[in-house]
Structure formats: structure tokens, C-alpha cells
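Take a look at the structure below.
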Amino acid sequence: MNKIEKAYNEDKEENISAPVETQCKWLRDGSFKYRIREDQVVLHEILTPSYADIVKESDLFRMVTVPFESDVRKFEKKAKEKAKNQQKYFVVEEFANRDDFVFYSAIPWITFTSIDHTRNHKRDDAVPRISWGKYRWERNQLILPYNIQVNHMFVDGVHIGLFKKQLEQKIDELE
């Protein structure tokens, strides 16, 4: 059993959805916190996850933004409550004059090797976009495809490599 398979099985046993567990792991490690605001570099101490939530019995989704909570169970509870009670598809007021987000997209229906996110392509856009897809078996290992898009002004390949290493270490802690 590989590390991803162990994390996947533990999430199932604890009844925690893999995307929520993964969000908490990624937000806890402190990566991707720099932004540009009015030609100044800003460091956010805490990032706010924002993600697409499918509306039940529909193919529509709403963007749900939930304050970060380091406890996975508390965070998942808050996220589920917010998604259940949110009436608007896009709560524009939550995005006004803020750049402390990390945008997540879970795509559990497909596996992928690459994905592009909508970006405004302005140099000041430093909000990370993180996606993961459907687990797949490859050469007797369970693989979790994921994609990270960041602003190269703040994040380089070495940072993505460190991020991957930190994620693997968190998965190792499950053993």
C-alpha cells in the first residue's frame, strides 16, 4: 500500500472527505502566502480556502469561502454548514478587496495530467489555484493527480518541490 492509498483509506475510515482533509493539510503548511497589493509585497499569516461546491440535484455550483480552521473536523463541519446554508452561487461581497484566498477545485470524476485555471494574467494576481482529480491505479499504486498554479514572482520550482515533500511528510505521519 503506498502513501496516497493509506491517506485515502484513512480519510474513508474517519469519514472525512479527501478534498477537505487535503485543504487543511495544505493550508497548515504555510505555503503560498505572498501577494502584491498596490506595488507592495504582503504576507498573509492565514489563508482562506474558497472552493466550488456542487448544488445537490443540479449541475450548478456555488463558490464557498470558509475561514481556515486548523482542526480538520471543525473545518469540515464549518464548510458543510456554510455550503448547506449559502443561498447565492457567488457571494461577491466575500471577495471584495481581498487577496488572502487559495482557490480549490476538486474534480473527482476525472483523472488528468494537466489542467488550466482561469486567471486574469495580471502580475498582481498571486492567489494560488489548486486542483486534484480522481484517484487512479497505475503500476499497482494509487495515484492522486493534482495541479498547482502560482505566481512565479513568489513561487519557483523549488517551492513546489518543497510543497510536495511537505505533503508527503504529512501523509507519512498517518502511518
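Please state which one of D59, D100 is over 22 Å from N147 (Cα atoms) and among the acidic types (D, E). Give the steps one after another, and end with the answer.
Numbers: D100 fails: over 22 Å from N147 (Cα atoms).
Going through D59, D100 in turn, the sole match is D59.
I110 versus (1) in contact with a strand residue (DSSP E or B) (Cβ under 6 Å, 6 or more places away or on another chain); (2) free of Cβ contacts under 8 Å to residues at least 24 places away in the same chain: which is the lone unmet condition?
(2)
How do the pairs read when you match residues in the range 151-170 that are over 20 Å from D116 (Cβ atoms) with residues anywhere that are open to solvent by 70 Å² or more (accessible area, probe 1.4 Å) and not in a helix (DSSP H, G or I), using Cβ under 9 Å and keeping only pairs 6 or more apart or on different chains?
Partner pairs satisfying both residue conditions: L167/Y146.
Are there any pairs with C-beta distances below 7 angstrom linking a residue in the range 78-104 that is under 12 Å from A52 (Cα atoms) to a residue that is outside any loop (DSSP other than H, G, I, E, B) and open to solvent by 60 Å² or more (accessible area, probe 1.4 Å), with the two at least 6 apart or on different chains, and if so which?
Cβ pairs passing all conditions: none.
Applying the selection to the range 68-90, what residues are at pLDDT 85 or above, within 23 Å of K33 (Cβ to Cβ) and out of contact with any strand residue (DSSP E or B) (no Cβ under 7 Å at 6 or more places or on another chain)?
K74, K78
The values are calculated or read from the model by the stated rules, or taken from the named source; none is laboratory data. A quick note: this is a predicted structure, and the numbers were derived from the prediction, not measured. We place every Cβ from the backbone using ideal geometry, glycine too, and count neighbours over all the protein chains shown. Accessible surface areas use protein heavy atoms only, side chains included; no ligands, DNA or RNA. Shrake-Rupley method; radii C 1.70, N 1.55, O 1.52, S 1.80 Å.
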